[in-house]
Amino acid sequence: MPQNPGSHPAGISVTIIALNEAANLPRCLASVQGLADEVLVADTGSADETVAIAQAHGAKVLSLPWQGYAATKNTLNTHAQYAYILSLDADEALSPALLEALQALKPHLAGQAVSFPRLTSWCGHWVRHCGWYPDVKVRLFPQDAARWEGAYVHETLQCIHGTRVQHLPHDLLHYSIDSIARHLETVRTYSALQARELAARRKKGLRLKAWVSPSWRFFQMFVLKGGFRDGHAGFVICKLSALAVFLKYTQAIELIRNERAHT
């Protein structure tokens, strides 16, 4: 059995936050069979069959208010029974090779965290360039040695100093975007969150960045990071990423202007 790094019994708790994830959740839950000692799903107000699907797969469902990505994940982690947490998003799944590697590593964790690359599917195309891969993530960690940080978006896992991280070369599969319409929806959502963060921090030079940064982002992703090697998919991804940068800065400018107008 894994060594227990803290006060929790040895084992792995899989944690997932979900909102209307009926289409993705079965794949995610099936991928951790044979590894998880428990599965916790935090439902933040789904109107579809998310809760029923989670329960049918034997997961424990907690109804939690949405507090932002980092805070919601941290709250969910406090309900985990076991010493190690494997944190997944509902649109992610362990590849068979990663599952096998984690099963082999499980008895030898000894207080370490584990990272692995994440491979993203965009409209059925596995994206290996554009800066999207290998997209290394630390997702398996001792419960008492890490927490999520980030106020708005792009939460990051912070491990306490001295926690060793072992890397596995097998892919976490990310079924992120299934249509251009869905990608545009994601662009709108995340650019708005990033704009709020920029406005709260009162970042300087936003107007210049709104002009320059989108073009630089496209060049960086399409040319320097090899997005052209992903063909048409790479071109569209890079263009939409440039749009996201433009919206982030222009919306931040608008938020600051509106706030000043009301003070």
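The table that follows gives values for the structure above.
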item	result
Residues that are within 15 Å of L19 (Cα to Cα) and free of Cβ contacts under 8 Å to residues at least 24 places away in the same chain, drawn from the range 45-59	V51, A52, Q55
Only listed residue being among the hydroxyl-bearing types (S, T, Y) and either closer than 19 Å to L157 by Cβ or surrounded by 22 or more Cβ atoms within 10 Å (Cβ to Cβ) (or both), chosen from T75, T44	T75
Failed item in (1) of a type outside the set (D, E); (2) touching a residue at least 60 places away in the same chain (Cβ under 8 Å); (3) touching a Lys or Arg at 6+ places or on another chain (Cβ under 7 Å), with H8 passing the rest	(3)
For Q67: the one exception among (1) in contact with a helix residue (DSSP H, G or I) (Cβ under 7 Å, 6 or more places away or on another chain); (2) surrounded by fewer than 16 Cβ atoms within 10 Å (Cβ to Cβ); (3) closer than 26 Å to L168 by Cβ	(3)
Any hit, the range 32-40, residues being farther than 22 Å from H167 by Cα and surrounded by fewer than 17 Cβ atoms within 10 Å (Cβ to Cβ)	yes
Test: residue in the range 22-38 that is touching a strand residue (DSSP E or B) at 6+ places or on another chain (Cβ under 7 Å), at pLDDT 95 or above and over 23 Å from S115 (Cβ atoms)	yes
The range 8-51, residues that are farther than 23 Å from Q103 by Cα and of a type in the set (G, A, S)	A18, A22, A23, A42, G45, S46, A47
Residues being in contact with a Phe, Trp or Tyr (Cβ under 7 Å, 6 or more places away or on another chain) and outside any loop (DSSP other than H, G, I, E, B) - total across the range 109-134	5
Members of the range 109-142 found to be among the small types (G, A, S), more than 18 Å from the chain's Cα centre (by Cα) and within 24 Å of F218 (Cβ to Cβ), listed by number	G124
P5 being modelled with pLDDT under 95, in contact with a Pro (Cβ under 6 Å, 6 or more places away or on another chain) and more than 21 Å from E100 (Cβ to Cβ)	yes
From W132, W126, W122, residue being surrounded by fewer than 16 Cβ atoms within 10 Å (Cβ to Cβ), of a type in the set (F, W, Y), outside the structural domain of L198 (by TED's automatic domain parsing) and in contact with a strand residue (DSSP E or B) (Cβ under 9 Å, 6 or more places away or on another chain)	W126
Residues satisfying the stated conditions in the range 158-176, i.e. surrounded by fewer than 13 Cβ atoms within 10 Å (Cβ to Cβ) and under 28 Å from E21 (Cα atoms)	P169
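The values are calculated or read from the model by the stated rules, or taken from the named source; none is laboratory data. In this text the structure is predicted, and so the values were computed from the model without any measurement. Backbone-built Cβ (ideal geometry, glycine too); neighbour counts: all protein chains shown.
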